[in-house]
Amino acid sequence: MIYADNAATTRMSDAAVKTLTSLLSDTYGNPSSLYEFGQKAKEVLEQARRDVADAIGAQPNEIIFTSGGSEADNQAILSAAKMGEGRGKKHIISTAFEHHAVLHTLNKLKKEGFEITLLDVHENGLVTARQVEEAIREDTCLVTIMYANNEIGTIQPIREIGEVCRKHNVTFHTDAVQAVGHIRVNVVDDNIDMLSASGHKFHGPKGVGFLYVKKGIRIFNLIEGGAQEKGRRAGTENVPGIASMATALKESVGNLDGYKAKLLPIRDRIIKGISEIPHSALNGDAVSRVPSNINFCFEGIEGESLLLLLDDKGIAASSGSACTSGSLDPSHVLLAIGRVHDVAHGSLRLSIGEDITEEDADYIVKSVKEVVEYLRGFSPVWRDLVNGKKDFIL
Ligand SMILES: *Cc1c(COP(=O)(O)O)cnc(C)c1O
């Protein structure tokens, strides 16, 4: 089996599993308790906070542990909106291809009277700092733009966007769930005010993540209760999960150069191989892209059938179509970069991990070629394209 769906979730690293399991049985105290059991857990928690802060260039008191990336996104956006509202500022800037944790939160705010500007994404999967600057108004209270896109892997010019936000005194949040642990992220150099990350996207456990909030930025809690996380996130801390996430992050960030050196040539080998398929196209910029991501559209086929047949060949991949909603809507990300519905339906995302070999890469290319050809063999859409009844787009 080849697991090529690391953008959905990653396998926990051995070290992260070890941290988690040993803490589950040994350090079960409540970090808020004053006796030794509690204080030991508290030490573990605060060490994890230092490690997580170090990994992104932050200070430990700027890290709030959450239940994952979605919670961090919600808290950052709803907080900035509430702050903005208090000052009569109800305009937010984002992009059309954010994760649903961001888009759905913005939709909620829209219903509450906020005005949301979703920037158009260029066909290479990038937005520019200039677009952000042009969209900023007197009443803009927040810019929220993802660091790396979860479907097409494109890396946004976060540093420049952050600079523009600083210049205009607008709070800047980035959903960095697909970036942290995969490429170098430094909240100071990148001019970031708030950043979301998630453990299970960098070989840590599921259900744990963090929100970075720059000192001086006010934050409201989503969950009422105890005074944990300095009153910014109630609920007894998931100490084993948090420490395990910190272990995974430290490991990933310590190995960013090795990760890139290993993955880039393999990623580009797969991209080159799949590009040989006629009427196919790479989605997203080939250069400003995380080392793990490969995303293609193929004309004349359905992404779902492609996935099922690849699964038969032992390859776990993903398609852009969101069949979860029951309607087979094509991916909002692919539509945002200008792919038309028919083309967006035939998409494939491969997100590779460090355990991949060159042989795996060649097997993936060979399998994708076979499956695409097979599916086109009985696709009525493909027949129309070949017979000239419809025009090729790709
Ligand atoms: C996975 C993901 C999330 C959600 O993170 P969870 O920890 O699963 O809640 C948010 N944003 C992006 C870009 C993601 O890839």
- Query: Can you pull out the residues in segment 270-291 that are within 14 Å of residue 367 (Cα to Cα) and in contact (Cβ under 8 Å) with a residue 60 or more places away in the chain?
  - Reply: 270, 273, 274, 276, 277
- Message: Residues that are closer than 30 Å to residue 216 by Cβ, crowded, with 19+ Cβ neighbours inside 10 Å and under 25 Å from the mean Cα position of the chain (by Cα): does segment 20-34 have at least one?
- Response: no
- residue 52 vs. criteria assigned to a helix (DSSP H, G or I), in contact with a Phe, Trp or Tyr (Cβ under 7 Å, 6 or more places away or on another chain) and in the same structural domain as residue 26 (by TED's automatic domain parsing): yes
- Collect the residues in segment 342-394 that are more than 26 Å from residue 269 (Cα to Cα) and in contact with a Gly (Cβ under 8 Å, 6 or more places away or on another chain), keeping them in residue-number order. 379, 381, 382, 385
- Among the residues of segment 145-166, is there at least one that is over 12 Å from the mean Cα position of the chain (by Cα), among the hydrophobic types (A, V, I, L, M, F, W, C), over 15 Å from residue 96 (Cα atoms) and within 11 Å of the ligand (Cβ to nearest atom)? no
- Name every residue in segment 218-261 that is in a helix (DSSP H, G or I), under 24 Å from residue 27 (Cα atoms) and among the small types (Gly, Ala, Ser), in order of residue number. 231, 241, 243, 244, 246, 248
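Per-residue answers, yes or no, for (1) in the same structural domain as residue 98 (by TED's automatic domain parsing); (2) touching an Asp or Glu at 6+ places or on another chain (Cβ under 6 Å); (3) surrounded by fewer than 17 Cβ atoms within 10 Å (Cβ to Cβ):
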site	(1), (2), (3)
286	no, no, yes
300	no, no, no
306	no, no, no
316	no, yes, yes
348	no, no, no
357	no, no, yes
365	no, no, no
376	no, no, no
379	no, no, no
- Item | Residue, farthest from the ligand (Cβ to nearest atom), within segment 186-217, restricted to residues that are among the hydrophobic types (A, V, I, L, M, F, W, C) and in a strand (DSSP E or B) | 213
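The values are calculated or read from the model by the stated rules, or taken from the named source; none is laboratory data. This one's a predicted model, so the numbers in the text were calculated from it and none came from an experiment. Cβ atoms come from the backbone with ideal geometry, glycine included; neighbour counts cover every protein chain shown.
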